[in-house]
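Participant: Please find one structure pasted underneath; my questions will follow.
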Amino acid sequence: MVVDPAVAESLRGGERTRIAAFVASCTERMAQLFTGLRGVDPSRAEDVELYLETLEDLWSLDLADSVFAVRMETLRELPELQPSEEGLVDVADIYAFYGVLCIRYAVLYRANGDAEDAVRCAHASLTALGQLDRNVPQAAFFQVEHEQQRQMMLGDTSISGPLLGLRDGDREISRERLLTVNSRLRK
């Protein structure tokens, strides 16, 4: 398993609000891999808008499960979640897929409270970043994500305080990931 065993255990036995913040945070760090790579295509504007609205909802830790059950139905229509015989070979397609996979599991967690979906969310982001590390010399994206996840679930971080600082840091991490993927696209 890619997810740190202690993080997985903490997710499986953790408090629901903390896990909701965890999946929102993981998704925020992956978001620009979807929005930045798909936002350049005008035909994907609605998909990007859906992603951003869903991400905003994920940060609303008190939203009802039913909101996310409805969101899951609309997310299922994203092209990245449609079966394909061709598989993923294009760099942009691969990382956009991981961005969608991460939000899918985050929304599933919020819809049903199954901690395994939170573990899958963490796993999706770690898998994407492990792959990125293999393709970018001396990159440490996997390690950064690993540490972010550990800090969120095992550190003394309180989610009762303002989440804005956490979210701003996650956005910066996401931006760095997008810049790196875009540099791979230019090669």
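Participant: If I go through the stretch 68-116 residue by residue, how many of them are farther than 20 Å from residue 41 by Cα, among the aliphatic types (A, V, I, L, M) and without any contact (Cβ under 8 Å) to a residue 12 or more places away in the chain?
Facilitator: Residues in the stretch 68-116 being farther than 20 Å from residue 41 by Cα, among the aliphatic types (A, V, I, L, M) and without any contact (Cβ under 8 Å) to a residue 12 or more places away in the chain: 1 in total.
Participant: I would also like to ask the following. Taking only pairs six or more apart or across chains, which ones have beta-carbon atoms under 7 Å, a first residue in the stretch 4-20 that is crowded, with 20+ Cβ neighbours inside 10 Å and aromatic (Phe, Trp, Tyr), and a second residue that is at pLDDT below 95 and assigned to a helix (DSSP H, G or I)?
Facilitator: none
Participant: What pairs come up if the first residue lies in the stretch 43-54 and is more than 13 Å from residue 107 (Cβ to Cβ), the second is of a type in the set (S, T, N, Q) and crowded, with 17+ Cβ neighbours inside 10 Å, and their beta carbons are under 7 Å apart, counting only those six or more places apart or on different chains?
Facilitator: 48/35; 52/35
Participant: Report yes if some residue within the stretch 39-46 is modelled with pLDDT of 95 or more, of a type in the set (A, V, I, L, M) and within 19 Å of residue 148 (Cβ to Cβ); otherwise report no.
Facilitator: Scanning the stretch 39-46, I find no residue that is modelled with pLDDT of 95 or more, of a type in the set (A, V, I, L, M) and within 19 Å of residue 148 (Cβ to Cβ), so the answer is no.
Participant: For residue 26, which of the numbered conditions (1) hydrophobic (A, V, I, L, M, F, W, C); (2) over 21 Å from residue 166 (Cβ atoms); (3) crowded, with 17+ Cβ neighbours inside 10 Å fails to hold?
Facilitator: (2)
Participant: Now, a different point. For residue 94, all conditions in the list (1) out of contact with any Leu (no Cβ under 6 Å at 6 or more places or on another chain); (2) modelled with pLDDT under 95 hold save one; what is the number of the exception?
Facilitator: Of (1) out of contact with any Leu (no Cβ under 6 Å at 6 or more places or on another chain); (2) modelled with pLDDT under 95, only one is false for residue 94: (1).
Participant: Another question, if that's okay. Kindly provide the set of residues from the stretch 55-67 that are assigned to a loop (DSSP other than H, G, I, E, B), in contact (Cβ under 8 Å) with a residue 40 or more places away in the chain and under 17 Å from the mean Cα position of the chain (by Cα), ordered by number.
Facilitator: 61
Participant: Of all the helices (runs of 4 or more DSSP H) wholly in the stretch 73-168, which have at least 2 residues that are hydroxyl-bearing (Ser, Thr, Tyr) and surrounded by 13 or more Cβ atoms within 10 Å (Cβ to Cβ)?
Facilitator: On the way: elements: 91-112, 115-135, 141-154.
The helices (runs of 4 or more DSSP H) meeting that bar are 91-112, 115-135.
The values are calculated or read from the model by the stated rules, or taken from the named source; none is laboratory data. For clarity, every value in this text was computed on a predicted model and none was experimentally measured. All Cβ positions, glycine included, derive from the backbone under ideal geometry; neighbour counts span all protein chains shown.
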